[in-house]
Every structure is written in C-alpha cells, then in structure tokens.
1. For the chain, what's the relative contact order in percent, using C-alpha pairs closer than 8 Å and at least 6 residues apart?
2. Using a simple spin-label model with points 7 Å from Cα along the Cα→Cβ vector, what separation in nm is obtained for Ile133 and Ala93?
3. Could you compute the longest span of the chain free of chymotrypsin sites (Phe, Trp or Tyr not before Pro) located in DSSP loops and having at most 10 other Cβ atoms within 10 Å, not counting the site residues?
4. Could you pull out every residue, at least 5 positions away or on a different chain, whose amide H is within less than 5 Å of the one on Arg58? Hs are placed 1.01 Å off N in the peptide plane, and Pro or chain starts have none.
5. Quick check on the chain: helices-only [θ] at 222 nm, where DSSP H runs of length 4 and up contribute -39,500 (n - 2.57) each and the sum goes over total residues. Nearest 500, please.
6. With a/c under 1.5 counting as rounded, go ahead and sort the chain into rounded, prolate or oblate using the C-alpha gyration tensor (a ≥ b ≥ c being the square roots of the eigenvalues; past the cut-off, prolate if a/b is larger than b/c, else oblate).
7. Sequence gap at least 6, Cα distance under 8 Å: using those rules, report the relative contact order of segment 71-115 to the nearest whole percent.
Amino acid sequence: MQDAPFDEARFRQALGRFATGVAVVTALAPDGAPLGITVSSFNSVSLLPPLVLFSIARRANSFPAWQAARHYAVNVLSEQQEALSDRFSRPRADKWDGVATVAGRHGVPLLPGTLAVLECAAHARHEGGDHEIFVGRVEALRIGDGPSQRPLVFFSGRYRRLDAAGEQHVAPSDSLFPRGWA
C-alpha cells in the first residue's frame, strides 16, 4: 500500500474502495411534498433501541426540508432498481413523476419492490462537516418477499453486482459474529 499526501480526491478514492449498499430515503416536506434522496451512507447504529443513520449533504437543495422532517423511510434497493437510484441521486423537479409509492405509517412514501423498508421517527441529528448525520428510530419495517433478490451495490464509483454463483460464507455456529468482529 502506498502512502501519499492527503488530499480530497485521494480521500474520495479511498472511501470508494468500501463497497456499500444503496438506499433511497424518503420523507415528506413540511408542505406535504414528497422528498427522496439516494444514499450510500446508511448503516445500523443500535439494536436496542433500534437506530439507523444516514447523511445528507448540506448543499442539497432539499436540505432544509430534510431537517424539518419528523419521519422518514429507508428503502433498501435491489440490483434491479439502479434506475430508481439514479433518479433520486440528482436534483430534478420531476424525480417523483411516474414513481409508484405506498403511504407508510406517517404518510411517508414507501417504494415497492425494495429489499427492505425501515420506517423511522427522527431521533437525532449531528454535525458531520459538509454533511449532516440523521439518526432515526425504527418504528416499523418491511422485508421484501424475494429471498433471491440481490442488493444494489456501489463500489469504486460504479454500481456492481454480486456474483450469483459465489459461495456464501457462514459464521461458525459457536459465535454470533465471525472471529474478531464485535
């Protein structure tokens, strides 16, 4: 591994070496308009209480509306939903045109056909440099019916697909986590 001077481009390149899933977070703006944004910065925080987090760039046009949202949903995308990810990854006035949704517990639009949906209440927000970190308390969840569905994966600046023929690794039965994970 080569050690080079730190700069923003190299930092971005290094972060791109971490494969992530892709989700679209949805909410309602204070005026009732639907919000949606593609994120790869999503992860679990706590099982008890059930908390998850995602982050949104402060420069996003919809950032003030996100700050006001009291509820949101994290829609975990399958590899067949690349176009949906693209649609919500850029600012565009028509991003909701033709997108079918189902209303969640608090009216938040949920995207059908996803691997999972986690409906959240806003729990906390934290400073994150040029982003803000949103922590949500999961109130309800739905898991997709298709056990053969694979996640949409993002790695090194591109969407990727998992190898369908690859072997599945199973942790030893004497441990909840693989060796060294805690």
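What follows draws every value from the coordinates through simple rules; no lab data is involved. Keep in mind that what you see is a predicted model, and the values were worked out from it rather than measured. When we count neighbours, we look across all protein chains shown, and the Cβ atoms used for this are built from the backbone with ideal geometry, even at glycine.
1. Values: 321 pairs, mean separation 44.3, N = 182.
24 percent.
2. Here the answer is 3.7 nm between the modelled labels.
3. Details: sites that count: Phe6, Phe18, Trp181.
Longest stretch, sites excluded: 19-180.
4. Amide H neighbours of Arg58, under 5 Å, 5+ apart: His131, Glu132.
5. Working: 3 runs with 22 residues, N = 182.
Mean residue ellipticity at 222 nm (helix-derived): -3000 deg cm²/dmol.
6. Working: a/c = 1.43, a/b = 1.21, b/c = 1.19.
Since a/c stays below 1.5, the shape of the chain is classed as rounded.
7. Working: 34 pairs, mean separation 23.4, N = 45.
Over segment 71-115, the number comes to 52 percent.
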